[in-house]
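Participant: Structure below; questions to follow.
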Amino acid sequence: MADRRRINGPPGATMAPVFEDDAGQPEIKNGKGRDRAPNVIRKTFLKTGVTPSASGSAYLEFEGSSKSGISGLKLSCTVHGPRSLPRSSPFSPHIVLSAHVKYAPFATKQRRGYLRDPSERDLGTHLETALRGAIIADRWPKSGVDIIISIIEGDQDRETSKSQGDETWDMMNVLSGCITVASAALADAGIDCVDTVAGGVAALVQDAGEDSTPRIVVDPIPSDHEKVLGACCVAYLPTRDEVTNLWFKGDLPAADAGLYTQLVENGIQASRTANRVLVECLGEATS
């Protein structure tokens, strides 16, 4: 008689699957590499009002890479507020903004925990800084608003058996998407802003080949390039022509100021393209 209080294993013998490392196998050139122009971002899907119980919500999805195993970035954002702060909190003449970014446990190759790690806290800090420059904070004294973003799926290559350090560069694309989807959710919640803020990423990459020279591309996918030398994420207000947040990563020569300027300019151009998608989505929602 089987014991009903415990889960019994299968009656037959089983063997755990063993995945071989594909480092020794030749690369497929047709499925590797960037298939877009350097100044073109991926196709974007943006929709607001996906969570009826929240004050405002939005869903953002980027097109995947031409290489198999990368399905594209998927983000979900909810906004709760503005609502009054507890009586025990001190008086604030401005709205209290709180940004919370969390990866889903299945979003990346390595399973994420249920508590936020330092990378997720860094994303929340940069997101909060980017949104503070857009929200008209003195409209809601002694009020608070919570912005919660769930990263459903990342841009990492799931077919590689070993991590190649792409997670550091994936955070730039994640922050750019978080800024755009949070701006759409704030507009859906009816929170007054000076402008619609959007995020953009530009990176200095080097492709495979001995004669390959570094070049600047927008909206990079790390697995599409041999090496990423540096990247910057820009939060930009197109109407006011202002940058609310700027984040650099990489090992770039400090003396070459022109290279930093080119990265920022390309990041702003990517932000303007993302802002057009944002404005079109908000126009469809109001019509």
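The values are calculated or read from the model by the stated rules, or taken from the named source; none is laboratory data. Every value quoted in this text rests on a predicted model; they were computed, and no experiment measured them. When we count neighbours, we look across all protein chains shown, and the Cβ atoms used for this are built from the backbone with ideal geometry, even at glycine. Each accessible area value is taken on the protein alone, full model and side chains, heavy atoms only, with ligands, DNA and RNA left out. Shrake-Rupley method; radii C 1.70, N 1.55, O 1.52, S 1.80 Å.
Participant: Out of all the residues in region 247-271, which are within 20 Å of CYS178 (Cα to Cα), out of contact with any Gly (no Cβ under 8 Å at 6 or more places or on another chain) and outside any helix (DSSP H, G or I)?
Facilitator: TRP247
Participant: Being open to solvent by less than 40 Å² (accessible area, probe 1.4 Å), more than 27 Å from PHE45 (Cβ to Cβ) and not hydrophobic (A, V, I, L, M, F, W, C) is the filter here, so list the residues in region 253-287 that pass it.
Facilitator: GLY258
Participant: Of GLY230, GLY200, GLY250, which residue is over 23 Å from THR44 (Cα atoms), touching a strand residue (DSSP E or B) at 6+ places or on another chain (Cβ under 7 Å) and crowded, with 17+ Cβ neighbours inside 10 Å? Give the derivation first.
Facilitator: Numbers: GLY200 fails: over 23 Å from THR44 (Cα atoms); GLY250 fails: crowded, with 17+ Cβ neighbours inside 10 Å.
Only one candidate passes the filter, namely GLY230.
Participant: For region 203-222, what are the residues that are open to solvent by 10 Å² or more (accessible area, probe 1.4 Å) and small (Gly, Ala, Ser)?
Facilitator: Of everything in region 203-222, those that are open to solvent by 10 Å² or more (accessible area, probe 1.4 Å) and small (Gly, Ala, Ser) turn out to be ALA208, GLY209, SER212.
Participant: Can you spot a residue in region 110-121 that is in contact with a Pro (Cβ under 6 Å, 6 or more places away or on another chain), open to solvent by 10 Å² or more (accessible area, probe 1.4 Å) and of a type in the set (Phe, Trp, Tyr)? So that I can check it myself, show each step before the final result.
Facilitator: First, the residues of region 110-121 that are in contact with a Pro (Cβ under 6 Å, 6 or more places away or on another chain): 111-112.
Pick out the ones that are also open to solvent by 10 Å² or more (accessible area, probe 1.4 Å) and you get 111-112.
Next cut, of a type in the set (Phe, Trp, Tyr) only: none.
No, there is no match, as no residue in region 110-121 is in contact with a Pro (Cβ under 6 Å, 6 or more places away or on another chain), open to solvent by 10 Å² or more (accessible area, probe 1.4 Å) and of a type in the set (Phe, Trp, Tyr).
Participant: Separate question: Can you name every residue in region 111-129 that is of a type in the set (Lys, Arg) and under 25 Å from VAL243 (Cβ atoms)?
Facilitator: Let us first name the residues in region 111-129 that are of a type in the set (Lys, Arg), namely 111-112, 116, 121.
Answer for region 111-129, where residues must be of a type in the set (Lys, Arg) and under 25 Å from VAL243 (Cβ atoms): just ARG121.
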